[in-house]
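To keep things clear, I will list the structure first and then write my remarks on it.
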Amino acid sequence: MEPNRVLFLAVAFLTHAFVGYALVRGFTDADPRLGIVFGLLPDGDFLFPVVWEWPFVHRGITHTPLFALTVVGSAYALSSRSRESAAAVGLAIGSHLAIDSLSPRGIDWLFPIETTWSPGLPVHSPITTGLLWAVSITILVSQSTDPRSNE
Ligand SMILES: [Zn+2]
């Protein structure tokens, strides 16, 4: 793999993990590490063997609302019906899908129907990455200065 591609993917993974962490830490009382794990989960599809075909490809089934709902439902069931954990998982995986859905490749919103529409925004460009990090840092800073967090 080319060094530029490795760097691109590393920054994209870090961004998904950081956005998930910030959202879970900022808006739930769940363990913020859930945000890292589930913010990255959809890109686990990079581990699919190359010979597999759609929907078991990058930006296939793991990047669909149906998959996200299944994961959130499973998290809810496996966490003894903890709404906090389910909300954390939903925020993290939802942020990943929201970011990727805006990219030129988009996601299959209507899976199992294949769709190709996307606004085509450069969501992993340096500027957009900077914006996502700035928003995430703002969430973390405002959360740490929130008087409720001193309880
Ligand atoms: Zn992705």
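Miscellaneous remarks
- Between the helical axis of 65-78 and the longest alpha-carbon principal axis of the chain there is an angle of about 40 degrees.
- C-alpha long axis of helix 83-101 to longest principal axis of the chain, angle in °: 40
- Annotation for region 99-145: chymotrypsin sites (Phe, Trp or Tyr not before Pro) lying in DSSP loop with at most 12 further Cβ atoms inside 10 Å of their Cβ are W117.
- The three principal axes of the Cα atoms in the chain give end-to-end lengths of 52, 37, 27 Å, sorted in falling order.
- Compared with the dominant Cα axis of the chain, that is its longest principal axis, helix 126-144 is turned about 20°.
- Secondary-structure-derived ellipticity at 222 nm for the chain, considering helices only, amounts to -19000 deg cm²/dmol, per-run term -39500 (n - 2.57) for DSSP H runs with n ≥ 4.
- Extended-chain gain in nm, criterion 0.36 nm per residue less alpha-carbon gap, F8 and T145: 46.0 nm
Any read-out appearing in this document is the output of simple, stated calculations on the displayed coordinates, not a laboratory observation. All of these numbers come straight from a predicted model, not from anything done at the bench. As a convention, Cβ positions derive from the backbone with ideal geometry for all residues, glycine included, and neighbour counts pool all protein chains shown.
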